[in-house]
Amino acid sequence: MSRVAAVTGAARGIGLAIARELMADGWSVAACDILEDPLRQRAEELGEAFRPFVLDVTDEDQVGKTAREIRDSMGPVTGLVNNAGITRDTLMMRMGRADWDAVINVNLTGAFLMSKALSRGMMRARSGSIVNISSVVALLGGAGQVNYAASKAGLLGLTRSLCRELGARGIRVNAIAPGFIETEMTAELPEEVREGYAERIPLGRMGTPENVAGAVRFLLSDDSQYISGVVLPVDGGLTT
Ligand code: NAD
């Protein structure tokens, strides 16, 4: 029986690359996303090992129901990648409460709800690995991104605390802090901002979703079995 991992935000971008990478490594993936059409399309293309679950990670009832459906239809889940995320960038003085709440809810509360719902089964199995997709913005801050930076820094606190809470149950919890990665999220940025970032990256280029996916595969695998509580930058050297 193949190992089962749940990946949120798996319909596109980094989440989709993570799902593909894990499938290539022998995992079955419970692909969770709020975008129904692209998710179902991906499922048709990718076959059996990519099971679509339409889910809003901010909805506690849906998260609980989906966690049970995944377990019943696919078996015990021992991998979780909290990747779903949104931005609502604007300067603080213009940022409304709704922009703040939306970003904190998806990026931080969503990861809390998913971790809570799925770690129960991992505790029973005394085995599991959770990877939270944070951002270099958690470490550096970002003008116009107080909501996003706070949510991603919050994920680091969640990661380190869960590492301590769940370690004795055989569950590892780590975070990845991607730098500037080419996806639809970053395609929205103005060209001069994109070029400005690239100039500051020691490796001289933006990253690919596959660059992040490789790090996730490692953190879910037994190759990292004594690694927990770390924040791994995947940023071409940007934060050195
Ligand atoms: P993306 O916008 O292409 O993909 C995000 C996915 O999350 C989408 O499929 C979206 O439908 C899904 N999603 C959004 N809200 C959801 C919800 N409430 N419930 C379930 N799914 C939901 O973005 P991406 O660039 O692939 O980013 C993936 C993750 O990586 C995000 O957490 C992002 O913050 C993080 N990240 C991205 C970059 C980058 O440069 N692209 C850098 C650092 C961190």
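Table for the structure above
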| read-out | value |
| --- | --- |
| Of all residues making up the stretch 167-199, the number that are aromatic (Phe, Trp, Tyr) and in contact with a Lys or Arg (Cβ under 8 Å, 6 or more places away or on another chain) | 1 |
| Restricting the stretch 94-110 to residues that are hydrophobic (A, V, I, L, M, F, W, C) and touching a helix residue (DSSP H, G or I) at 6+ places or on another chain (Cβ under 6 Å), the residue that is least open to solvent (accessible area, probe 1.4 Å) | 103 |
| Hits in the stretch 191-201 - residues which are open to solvent by less than 90 Å² (accessible area, probe 1.4 Å) and either basic (Lys, Arg) or over 26 Å from residue 90 (Cβ atoms) (or both) | 194 |
| Hey, residue 134 surrounded by fewer than 15 Cβ atoms within 10 Å (Cβ to Cβ) and touching a strand residue (DSSP E or B) at 6+ places or on another chain (Cβ under 9 Å) or not | no |
| In the stretch 143-178, residue surrounded by the most Cβ atoms within 10 Å (Cβ to Cβ) [restricted to those that are among the polar types (S, T, N, Q) and within 16 Å of the ligand (Cβ to nearest atom)] | 151 |
| Number of the exception - residue 181 against (1) β-branched (Val, Ile, Thr); (2) away from the ligand (no atom under 16 Å from the Cβ); (3) farther than 21 Å from residue 221 by Cα | (2) |
| Pairs with Cβ under 8 Å, 6+ apart, first in the stretch 43-64 and farther than 10 Å from residue 33 by Cβ, second away from the ligand (no atom under 12 Å from the Cβ) and part of a loop (DSSP other than H, G, I, E, B) | 49/2; 49/27 |
| Flag for residue 188 being within 29 Å of residue 26 (Cα to Cα) and surrounded by fewer than 17 Cβ atoms within 10 Å (Cβ to Cβ) | no |
| All positions within the stretch 99-142 that are within 14 Å of the chain's Cα centre (by Cα) and away from the ligand (no atom under 15 Å from the Cβ) | 129 |
| Extreme residue, nearest to residue 80 (Cα to Cα), among residues of the stretch 205-240 that are acidic (Asp, Glu) and surrounded by fewer than 21 Cβ atoms within 10 Å (Cβ to Cβ) | 222 |
| The stretch 45-93, residues that are within 16 Å of the ligand (Cβ to nearest atom), among the basic types (Lys, Arg), open to solvent by 80 Å² or more (accessible area, probe 1.4 Å) and in contact with a helix residue (DSSP H, G or I) (Cβ under 7 Å, 6 or more places away or on another chain) | 88 |
| Entirely in the stretch 35-115, the helices (runs of 4 or more DSSP H) that have 1 or more residues that are farther than 26 Å from residue 125 by Cβ and aromatic (Phe, Trp, Tyr) | 97-104 |
| Count of residues meeting criterion [open to solvent by 10 Å² or more (accessible area, probe 1.4 Å) and closer than 18 Å to residue 55 by Cβ] in the stretch 7-20 | 5 |
| Top-ranked residue of the stretch 21-39 - restricted to ones that are within 13 Å of the ligand (Cβ to nearest atom) and open to solvent by 60 Å² or more (accessible area, probe 1.4 Å), ranked as farthest from residue 70 (Cα to Cα) | 37 |
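The values are calculated or read from the model by the stated rules, or taken from the named source; none is laboratory data. The shown structure was predicted, so the numbers you read here are calculated from the model rather than taken from an experiment. We place every Cβ from the backbone using ideal geometry, glycine too, and count neighbours over all the protein chains shown. In case anyone asks, the SASA skips ligands and DNA or RNA and just uses the protein heavy atoms, side chains included. Shrake-Rupley method; radii C 1.70, N 1.55, O 1.52, S 1.80 Å.
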